[in-house]
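Reading through the structure tokens given below for one structure.
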Amino acid sequence: MQIPIAIIKQFFPEFSETMLDQLGYFCELVYAKNEVLNLISRKDIGRIVEAHLLPSLAICKQDCFEPGMDILDIGTGGGFPGIPLAIAMPQIRFTLIDSVGKKIRAVEEFIKKIKLEHVTCIHSRVEHLDQRYQYITGRAVAPLPEFYNWAKQKLKPNGKIFYLTGGDIYGAKNRVVVDLFELYGRRFCETKKLIIFSPSQH
């Protein structure tokens, strides 16, 4: 599969060649694994950068992520948005959780091959976690109110929740909505939104 790295470089000129190579390699790994395990929609597999990678990386543009912070990616599935963010922010600690064993094993395989030593995988439901995190991310895991209720229970004081969705954002109160079509100016993102919550500020 030919990965259009030039698109990533266009929107993230600050990324090093190593990061770009890792992002391209990750896409190749997902593409190959998707042949035997349904990690992402088959109709999107040929547009993995546009439909999955760029929406995930949009979170990088929204905040000042400081070294040593910890981020929890709930329902990581095929590793989105957790792995792209971990590649883009090697100074941050990431925990990727999913309740589906075969998916989290695939993600563990990706992490080892890309050599992301600052990333941990957990096969569990988020309700069973004891730890709290500075930031929490998710992507099309569940209806927005349900995801918000899960995430806010695992958030540190003054933490933030970042949720990527192409669906209904009804009921998303006290939040910032980032339109990815406006962010990237590309038709492939015209229905996608990034919802940002700061629960302790309300």
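The values are calculated or read from the model by the stated rules, or taken from the named source; none is laboratory data. A quick note: this is a predicted structure, and the numbers were derived from the prediction, not measured. FYI the Cβ positions are ideal-geometry reconstructions off the backbone, even for glycines, and counts take in every protein chain you see.
Just a few scattered comments:
- Tally, over the range 93-115, of residues that are farther than 13 Å from ILE74 by Cβ, in contact with a helix residue (DSSP H, G or I) (Cβ under 6 Å, 6 or more places away or on another chain) and buried (at least 20 other Cβ atoms within 10 Å of the Cβ): 2
- For beta carbons closer than 8 Å, sequence separation of 6+ or different chains, a first residue in the range 101-124 that is more than 15 Å from PRO81 (Cα to Cα) and a second that is small (Gly, Ala, Ser) and outside any helix (DSSP H, G or I), the qualifying pairs are HIS123/SER99; SER124/SER99.
Listed here are the residues, each with its yes/no results for (1) over 14 Å from the mean Cα position of the chain (by Cα); (2) more than 20 Å from TYR184 (Cα to Cα).
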{"site": "ILE7", "(1), (2)": "yes, no"}
{"site": "THR18", "(1), (2)": "yes, yes"}
{"site": "GLY24", "(1), (2)": "yes, no"}
{"site": "CYS27", "(1), (2)": "no, no"}
{"site": "ILE59", "(1), (2)": "no, no"}
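- Of the residues screened, ALA140 is one that is at positive phi and under 15 Å from the mean Cα position of the chain (by Cα).
- All of (1) assigned to a loop (DSSP other than H, G, I, E, B); (2) under 17 Å from the mean Cα position of the chain (by Cα); (3) not aliphatic (A, V, I, L, M) hold for ARG47 with one exception: (1).
- Residues of the range 132-146 that are closer than 15 Å to ILE97 by Cα, at pLDDT below 95 and surrounded by fewer than 23 Cβ atoms within 10 Å (Cβ to Cβ): ALA140, VAL141, ALA142.
- Among the residues making up the range 4-61, those that are among the charged types (D, E, K, R) and either touching a residue at least 40 places away in the same chain (Cβ under 8 Å) or crowded, with 19+ Cβ neighbours inside 10 Å (or both) are LYS33, ARG47, GLU50, LYS61.
- Selected residue [farther than 24 Å from GLU28 by Cβ, in contact (Cβ under 8 Å) with a residue 40 or more places away in the chain and among the polar types (S, T, N, Q)] from ASN149, ASN158, ASN174: ASN158
- Where strands (runs of 3 or more DSSP E) fall entirely within the range 83-202, those with at least 1 residues that are among the polar types (S, T, N, Q) are at 93-98, 119-123, 133-139, 155-165.
- Single unsatisfied condition, GLY166 versus (1) of a type outside the set (A, V, I, L, M); (2) buried (at least 19 other Cβ atoms within 10 Å of the Cβ); (3) within 15 Å of the chain's Cα centre (by Cα); (4) within 19 Å of CYS60 (Cα to Cα): (2)
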